[in-house]
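The values are calculated or read from the model by the stated rules, or taken from the named source; none is laboratory data. What you are looking at is a predicted structure, and each value in this text was computed from that prediction instead of being measured. Heads up, the Cβs are rebuilt from the backbone with ideal geometry, glycines too, and the neighbour counts pull from every protein chain shown.
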Amino acid sequence: MKEKHNTHPVMDAHVLIFPLPLQGPINSMLKLAELLCLRQINVTVVITQHIQRRLFDSSAIQTYMETNYGGAFRFESIPDGLSEEHPRTIREFSALLASLSAVAPPILQQMVSVREISCIVAEGIFSFASDIAGEIGVPLFYFDTYSACALWANMCLPQLIQAGELPFKDDNLDETIRNAPGMEGIIRRRDLPSLCRGIDLEDPEIKLLLKQAHLMPLSQGIILNTFHQLDSSLLSHMFKLFPNIYAIGPLHTLLQTQTSQNTSSSILPEDRSCISWLDKQPSKSVVYVSIGSLALMTKDQFLEFWYGLVNSGSRFLLVQRPGSVAGLDDGIPEELLEGAGGRGCVVSWAPQQEVLDHRAVGGFLTHCGWNSILESVVAGKPMICWPHHFDQQVNSRYVGEVWKVGLDMKDSCDRVVVEKMVREVMELRKNEFLERARQQSEAARSSVGEGGSSAKDLDRLIDDIKNMKLLPKHH
């Protein structure tokens, strides 16, 4: 049963949410914010000024939130410390994180000090949130917006280093990892987070992950965008380290059970012409291809993908984000488009959730960002995984080896491999993959329904926030 929005509820609790300024974390954090507002909790979401400009230009999220939740919801923007001209690409992520870590703490501390904030919900990588919460005396929840398997891999980094498994002693990336409880026999070196390759223990990002591994268990609780049935084996190990875990995913599906309305929180303008194109295609005939909002490709990599897709004989919907392919700033050459024989549709950005839910889509060639995986799982669509960075290496291994809802194309970019895997998912093993994807979809939907594990964990999170007591300040 869907709850009606209440624009003038009586609210006491007030949560400050601080997402990582990237598309995926913002999507997840805004859905959590909306779920809290629906349960009569005030929310302030802090975003960077750069993200604010892009978000408000490309979506109706500000109007939507203000219309539906009134004073219960507000955006606050802060500088990220970088010039507007600074490229905020994945290659510059370290600079963004370092700058934000220097600029944000005093602003957030002032923000929390002057308001009646019940608790802070911060992205797990923001270790400085622990200092702010302790200084002000406000409870802190960490919300790791990537997968449970990637979080657990990060939490195991200290013992992998202590056991001598990191840094790698040689170039054999297929060596099995032994000192990550719950991942034995699953994770190889190549499946660890991308930072582990060529690891330098003095690297600032590695130091940040090690600090995260130390601080996260000290927080009030950990919020995860997953559900118990998907990650039960890992969660049993995580419960030994974390005092309080709220597995409330898939968030986009949980939100749909609470409200009949929703709007995009994309920071890129969506091209909806692809929906009209999909409407004309046969059922389960299209492979949807997107490498997300951050990943970059070389022209050679793009051509391998393109020819692999064309040679597979499948219809395909391809997202080519502006600037995502070096050397193709002017778009795809006409002769390539003609070579697809009318079986391909190319857009600059797509309304992904709607695309994956479309009856014409039969598979998803994805970079393996966590939101993308969850949207694919809920939609019951098998995946071909081409991970790019961060958590995606771990995610793709779990898609192929544990959940068995797709194939892992990690560390390969060859037209023959692309063609082979597309044919496997879309033709040769189509029924097998679709059946397993259907089972996972049912489990996901059941988890957010009445009495489901995610619905119960959300209820527990809401109750805990409403009953928050201020903590003693650090001295």
Does region 99-111 contain at least one residue that is modelled with pLDDT under 90 and not assigned by TED's automatic domain parsing to the domain that holds His389? no
May I ask you to say which residue of Gln261, Gln256, Gln229 is assigned to a loop (DSSP other than H, G, I, E, B), of a type in the set (S, T, N, Q) and more than 22 Å from Ala122 (Cα to Cα)? Gln261
Quick one: which of Phe316, Phe302 is among the aromatic types (Phe, Trp, Tyr), in a helix (DSSP H, G or I) and surrounded by 19 or more Cβ atoms within 10 Å (Cβ to Cβ)? Phe302
In region 191-207, how many residues are part of a helix (DSSP H, G or I) and in contact with a helix residue (DSSP H, G or I) (Cβ under 7 Å, 6 or more places away or on another chain)? 6
Does Phe227 satisfy the condition of being more than 30 Å from Arg54 (Cα to Cα), surrounded by 15 or more Cβ atoms within 10 Å (Cβ to Cβ), among the aromatic types (Phe, Trp, Tyr) and not assigned by TED's automatic domain parsing to the domain that holds Met383? yes
In region 370-404, what residues are modelled with pLDDT of 95 or more, surrounded by 24 or more Cβ atoms within 10 Å (Cβ to Cβ) and part of a loop (DSSP other than H, G, I, E, B)? Lys381, Pro382, Trp386, Pro387
Considering only residues that are touching a Leu at 6+ places or on another chain (Cβ under 6 Å) and farther than 25 Å from Phe227 by Cβ, which ones fall in region 135-156? Gly137
Pairs where the first residue, in region 381-401, is outside the structural domain of Ala437 (by TED's automatic domain parsing) and the second is polar (S, T, N, Q), C-beta under 6 Å, 6+ apart: none
Meets criteria (surrounded by fewer than 18 Cβ atoms within 10 Å (Cβ to Cβ) and under 22 Å from Ile47 (Cα atoms)) for Thr259: no
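Residue-by-condition table, conditions (1) surrounded by fewer than 19 Cβ atoms within 10 Å (Cβ to Cβ); (2) in contact with an Asp or Glu (Cβ under 9 Å, 6 or more places away or on another chain); (3) not in a helix (DSSP H, G or I):
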residue: Leu97; (1), (2), (3): yes, yes, no
residue: Ala104; (1), (2), (3): no, yes, no
residue: Ala133; (1), (2), (3): no, no, no
residue: Asn172; (1), (2), (3): yes, no, yes
residue: Arg178; (1), (2), (3): yes, yes, yes
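Would you confirm whether or not region 107-130 contains a residue that is assigned to a strand (DSSP E or B), closer than 26 Å to Leu461 by Cβ and β-branched (Val, Ile, Thr)?
Scanning region 107-130, I find at least one residue that is assigned to a strand (DSSP E or B), closer than 26 Å to Leu461 by Cβ and β-branched (Val, Ile, Thr), so the answer is yes.
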